[in-house]
Amino acid sequence: MAHKGLNLDVVVKAAAELIEQQGRDAFSMRLLAEQLGIKTASLYNHVDNMEMLLAEVCRYGLCLQNEMEMQAMEGRHGEDAVRQLADTYRNFAKKHRELYWLIMAMSAKDKRVRDDAAVLFTDPLKKMLEDFHLKEEESIHYRRLFRAIVHGFVAQEEQGFFSHYPAAVDDSFHFAVQCYIESLKQGEKRCS
């Protein structure tokens, strides 16, 4: 019998919060059950196994990131939208570090998470690129390039690789985004 008021959404949100507090490696069904005040076996009324639960947590995180990015770009266009999306993406990865890296790890091994990511990561990028009037193939290249730049920067920053140089890390990030914008302008010219 399911615990009153407990459903998949409650379980997933609690799991996401626990992962962010304790870290991905420390997370377990036992800890989650304790957090929810139920027996571990009761979790299986809502999820089949750990893999399914983590896939649902990733979907939750992807939706959260998508929502934050879409809200951040509301009313912004062109270069301003690019800068805002880049900053929001990076800030999400920093603020929700454990969740972000779980999404990256699960995307590599779970097709469901990868498929969700393909849509939820892409929607804000498509919106951002609308003002640049790119052909579809060119737009795909720029969506991939954006992710490569921002995720690559986040990954390098996470590993501490930017701590050995005197230039401010934020300045380097904004420099990379500006290089992307300049490339976008060239792409827009090619497509017009």
- [ ] Please work out how much length the chain gains when fully extended from Asn49 to Arg144, using 0.36 nm per residue of separation minus the C-alpha to C-alpha distance, in nm with one decimal.
- [x] 30.9 nm
Open item on the list: Within a 10 angstrom radius of the beta carbon, how do Ile140, Ile149 rank from fewest other beta carbons to most?
Closed with: Ile140, Ile149
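To one decimal place, what Kirkwood hydrodynamic radius in Å is obtained for the stretch 1-47 from all pairs of distinct Cα atoms?
Values: mean 1/r = 0.0943 Å⁻¹.
Here the Kirkwood hydrodynamic radius works out to 10.6 Å.
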- [ ] Sum -39500 (n - 2.57) across every DSSP H segment of at least 4 residues in the chain, then divide by the residue count to get the 222 nm mean residue ellipticity, nearest 500.
- [x] -25500 deg cm²/dmol
Task: Partners for Lys95 among lysines (Cα-Cα distance below 29 Å; same-chain residues under 8 apart left out) - done: Lys13, Lys109, Lys111, Lys126, Lys127
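Net charge around His77, counting only other residues with Cβ within less than 12 Å of its Cβ (Lys, Arg = +1; Asp, Glu = -1)? Mind dumping the intermediate values first?
On the way: positive: Arg76, Arg83, Lys127; negative: Glu74, Glu79, Asp80, Glu130, Asp131.
Computed value for this residue: -2.
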TODO: Give the calculated FRET efficiency between Gln178 and Asp115 to the nearest 0.05, with a Förster radius of 35 Å applied to their Cβ-Cβ distance.
DONE: 0.60
Task: 0 to 90° range, to nearest 10: angle between helix 50-73 axis and the chain longest Cα axis - done: 40 degrees
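Considering only the other residues whose Cβ falls under 14 Å of the Cβ of Tyr142, what net charge follows from Lys and Arg at +1 and Asp and Glu at -1? Before the final figure, lay out each step's value.
Values: positive: Lys126, Lys127, Lys135, Arg143, Arg144, Arg147, Lys185, Lys189, Arg190; negative: Glu79, Glu130, Asp131, Glu136, Glu137, Glu138, Glu182, Glu188.
With Lys, Arg at +1 and Asp, Glu at -1, the neighbours total +1.
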Task: Fewest-first ranking of Lys109, Lys13, using other Cβ atoms within 10 Å as the exposure measure - done: Lys109, Lys13
Open item on the list: If you average the C-alpha positions of the stretch 84-163 and of the stretch 63-82 separately, how far apart do those two centres end up, in angstrom?
Closed with: 13 Å
- [ ] Report, in degrees rounded to the nearest 10, the 0 to 90 angle that the Cα long axis of helix 8-22 makes with the longest principal axis of the chain.
- [x] 70 degrees
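Between beta-carbons, use under 9 Å as the cut-off and find the net charge around Tyr89, counting Lys and Arg +1, Asp and Glu -1.
0
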Task: the chain: most fluctuating residue of Asn91, Asn49, Asn66 per GNM, C-alpha cutoff 10 Å - done: Asn49
Task: Thr88, Thr122 arranged by Cβ crowding within 10 Å, fewest neighbours leading - done: Thr122, Thr88
TODO: Working from Cα positions, state the angle (0 to 90°, nearest 10) between the long axis of helix 111-129 and the longest principal axis of the chain.
DONE: 40 degrees
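Can you tell me the relative contact order of the stretch 50-151? Whole percent, Cα pairs under 8 Å, sequence separation 6 or more. Working shown, then result.
Numbers: 70 pairs, mean separation 37.1, N = 102.
Relative contact order comes out at 36 percent.
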Task: Computed lengthening from His133 to Ala41, 0.36 nm per intervening residue step minus Cα-Cα distance - done: 27.8 nm
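Only the coordinates and a few stated rules stand behind these numbers; no lab work does. All figures in this text were calculated on a predicted structure; none of them were measured in a lab. Cβ: placed from backbone, ideal geometry, glycine included. Neighbour counts: every protein chain shown.
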